[in-house]
Amino acid sequence: MPIDAAHAKQGKAARAIALRAGLKCLKLIQQTLMNDSKKRLIKGNEAIAVAAIDAGCRYFFSYPITPQSDIPEYLSRHLPEVGGTFLQAESEIAAINMVLGASAAGARAMTSSSGPGISLKQEGISYMASDELPALIVNISRTGPGLGGIAASQGDYFQATKGGGHGDYRTIVLAPYSVQEMYDLTIKGFDLADKYRMPVMILADSVLGQMKEPVAMVGKKKSTAIKKDWALTGCEGRRPHVIKSLYLDGDKSIEHNWKLFKKYQKIQKNEVMCEIKDCIDADIILIAFGSAARIAKTSIEMAQEKGIKVGMLRPITLFPFPNQQIEDLSKDIKKILVVEQNTGQMVEDVLISVSKNAKVTFYGKPTGNALEAEEILGQIEKLKNKKGFNR
Amino acid sequence: MGKIRIDIERCKGCGLCVIACQKKLIKIGDNMNSLGYHTAQINDEKKCIGCANCAEMCPDIAIEVWK
Amino acid sequence: MKQVFERPESLKEVSFHFCPGCHHGIIHRIVAEVIDKLEVRTRTIGVSSVGCSVFLYDYFNIDVCEAPHGRAPAVATGVKRVYKDRIVFTFQGDGDLAAIGTSEIIHTANRGENITVIFVNNTVFGMTGGQMAPTTMLGQETTTTPLGRSFIGDGYPIKMSEMLATLEGCSFVARVAVNTPANVRKARKAILKAFEMQVNNMGFSFVEVLSACPTNWKMSPQDALKRIKDELIPYFPLKIFKEKTIPDTL
Ligand SMILES: Cc1ncc(C[n+]2csc(CCOP(=O)(O)OP(=O)(O)O)c2C)c(N)n1
Ligand code: SF4
Ligand code: SF4
Ligand code: SF4
Ligand SMILES: [Mg+2]
């Protein structure tokens, strides 16, 4: 169970968290897990594609790039079967703008790419954030900067969570860590995009994209399509609608920016998702997301077998970030280990959340050779033996 | 026989209608509109043939034509 | 007497912000007249571009989506794919379409998207203050070609209509001007034809309109008309380059 609600109820540190409105259980995921009969063994990338169709997305525009090509390949075959449109665009710039147009027309639309392509999409994402247009953007990230490589990396954390394009905006960023979550969060992503009228990004990597796991798929019933009375449909029987981002008038521009900011505040308050596990009486909390969290889970189990009290916090939403949850935990647990498949990005958000409550240690690697459970275990052991921060 | 009406508040005094009128009935006058433009005016109204050439060229849709 | 010329219904009562003598206003009007004539106002969706025509939505009495600079054909593709029975058009300048948006226009045309593109070629970046555009004439002084455009280094003025007409996917391509009443009428006919092509599901239609920018040409509106006749039309000939009569089908 991704959200360890039972644990959250017990522990001292976690008790405070459970009281926070911000901590949400992924009901969607729990419900899917109840229905084991429909499980199918598929790849992470495919799970995203299947989920998109299940969520009612009928418009997909993208440009090929490794390691996400299974998504367009699957949809090129299966979207037309349900009357949908698959279009291979001439570039990622064109693809995101086709998404913009389809979204403006009120449709559920989506694109997927990887680092270099996501960089090109940032122009469109910034426009869509300002236009208040919903869409799902998938980043099966690879190594950067530049052309980088195709190995898994979490080096796009900053780009994804801090806006990414120009201007003062955010996108909701969902970080799955299993094939099941690739499926569930895709559906959730469409719902959040429609609910808040903004682009939502799935940030995963090639490890999650290529991994095969059994997945329960009951998303169809779980997705909630919202009536879009702002969409462009031709102005029959009503006043014309305009979708735009240009505000030359200073006051209007200020007003628009505050409006967006208030939306992000609301999201911060209502949509934080994270998994908190084994934090009762933990001496150390390990914080990691996505594929790094998956590897770290094994390390945690190994450490626990050795009698080390280590718990885990796994952000599922990277924006909104579980600042409050981390702050609460850091009041009781003084050793925090942040593990990332990069040279240190999310750790900055952890540091802001922790303030001076606890000591934060970072362990990460750019990529190429993926993180190993044993080396993370080594870090946990090193931290355990460090003096000065025991309760 | 034709007739035009120039909405001087829309007119920017560009003079494109002046060139367009083969009958040379329009000129830019001395009077100024609220935007500060000297505006077009028709003289010798009776000679207007209602060809709408002036209106076709007006970038600000300041001219209406009757025939 | 009967009224023979009035403001089209597809335009709001708002006055244009364009400079005196700017042809953007004429082109806006004839597009609106065509929409009126085809009686498609309430099922038309416009896509505006970035340039002096960015405020399309303030003037047209229709649904409008703003597109990022150069991306209008891609945005229009997205809209049209969702609503195949709506009339979708873009309105783009030469910086927008022939510089930053070259890729989008070529591929949208090549896919034969059933949309209409109105391309306003005024040989300059109007909105940003008169810099060189890909369509700027040889020798033309702009704020970034102070000595006049030279083919050495800057290349030659690009002929978009001729280029696009070579694409199989493209169904209708015409270049028109609005420098005389007769040319305005021809331009309206071409734009009407382009929209009709779309209404009849004939695929991608494109009309290039030679347009004056008196402000950045540093000329009177009258001299600007003369420049179009003497300089632009000889290099950018007015012509229907392509007109398919049977739609492409599988
Ligand atoms: C990505 C990006 N680059 C540059 C600009 C600045 N810009 C705005 S309009 C424009 C050129 C417009 O020229 P054109 O398309 O010819 O339109 P005109 O104003 O001449 O009608 C430029 C470069 C921008 N808005 N966005
Ligand atoms: S309608 Fe014709 S004749 Fe009359 S003013 Fe206009 S251009 Fe001249
Ligand atoms: S063409 Fe129109 S704007 Fe220009 S001077 Fe004549 S009436 Fe005025
Ligand atoms: S700058 Fe040129 S294109 Fe822009 S409104 Fe003025 S005359 Fe027209
Ligand atoms: Mg221009």
- Task: Identify the residue in region C:177-209 that is within 13 Å of the chain's Cα centre (by Cα) and small (Gly, Ala, Ser) and, among all such residues, is surrounded by the fewest Cβ atoms within 10 Å (Cβ to Cβ).
- Result: C:ALA177
- Item | Single residue of region A:93-150 satisfying the filter (part of a loop (DSSP other than H, G, I, E, B) and charged (D, E, K, R)) that is farthest from the other protein chains (Cβ to nearest Cβ) | A:ARG142
- Checked against (1) free of Cβ contacts under 8 Å to residues at least 40 places away in the same chain; (2) within 16 Å of ligand 5 (Cβ to nearest atom); (3) more than 8 Å from chain A (Cβ to nearest Cβ), C:GLU13 satisfies every condition except (2)
- Item | Leading residue by the ranking (nearest to ligand 5 (Cβ to nearest atom)) among those in region B:1-60 that are surrounded by fewer than 17 Cβ atoms within 10 Å (Cβ to Cβ) and of a type in the set (Gly, Ala, Ser) | B:GLY36
- Query: Somewhere in region C:68-85, is a residue crowded, with 24+ Cβ neighbours inside 10 Å and within 16 Å of ligand 5 (Cβ to nearest atom)?
  - Reply: yes
- Message: Can you find, within region C:99-120, the residue that is nearest to the other protein chains (Cβ to nearest Cβ) among those that are closer than 16 Å to C:LEU164 by Cβ and near ligand 1 (Cβ under 8 Å from one of its atoms)?
- Response: C:VAL120
- Query: Does any residue of region A:297-308 turn out to be in contact (Cβ under 8 Å) with a residue 24 or more places away in the chain, closer than 20 Å to A:GLN154 by Cβ and of a type in the set (A, V, I, L, M, F, W, C)?
  - Reply: yes
- Out of curiosity, is C:VAL117 closer than 30 Å to B:GLN22 by Cα and either within 16 Å of ligand 3 (Cβ to nearest atom) or crowded, with 24+ Cβ neighbours inside 10 Å (or both)? no
- Going through region A:352-374 one residue at a time, which ones are surrounded by fewer than 17 Cβ atoms within 10 Å (Cβ to Cβ) and more than 15 Å from A:ALA288 (Cα to Cα)? A:ILE352, A:SER355, A:LYS356, A:LYS359, A:GLY368, A:ASN369, A:GLU374
- Pick from C:ALA212, C:ALA174, C:ALA165, C:ALA133: which is touching a residue at least 60 places away in the same chain (Cβ under 8 Å), away from ligand 3 (no atom under 16 Å from the Cβ) and surrounded by 24 or more Cβ atoms within 10 Å (Cβ to Cβ)? C:ALA174
- Item | Of all residues making up region C:89-131, the number that are on the phi > 0 side of the Ramachandran plot and within 16 Å of ligand 4 (Cβ to nearest atom) | 3
- Requiring at least 3 residues that are at pLDDT 95 or above and in contact with a helix residue (DSSP H, G or I) (Cβ under 6 Å, 6 or more places away or on another chain), the strands (runs of 3 or more DSSP E) wholly within region C:1-95 are C:44-48, C:87-93
- Task: Confirm whether C:ILE26 is within 23 Å of A:PRO240 (Cα to Cα) and either under 19 Å from the mean Cα position of the chain (by Cα) or more than 16 Å from ligand 3 (Cβ to nearest atom) (or both).
- Result: yes
- Any idea which of A:ASP249, A:ASP191 is more than 30 Å from C:VAL40 (Cα to Cα) and within 14 Å of chain C (Cβ to nearest Cβ)? A:ASP249
- Message: If a residue must be free of Cβ contacts under 8 Å to residues at least 40 places away in the same chain, crowded, with 21+ Cβ neighbours inside 10 Å and within 26 Å of A:ALA151 (Cβ to Cβ), how many such residues does region A:60-88 contain?
- Response: 2
- Task: With the condition kept exactly as written, say whether any residue in region C:186-193 is among the small types (Gly, Ala, Ser) and either assigned to a helix (DSSP H, G or I) or on the phi > 0 side of the Ramachandran plot (or both).
- Result: yes
- Query: Got at least one residue in region C:18-27 being under 21 Å from A:CYS235 (Cα atoms) and crowded, with 24+ Cβ neighbours inside 10 Å?
  - Reply: no
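The values are calculated or read from the model by the stated rules, or taken from the named source; none is laboratory data. As the structure is a prediction and not an experimental result, all values here were calculated from the model. Using ideal geometry, Cβ is built from the backbone for each residue, glycine included, and neighbour counts are taken over all protein chains shown.
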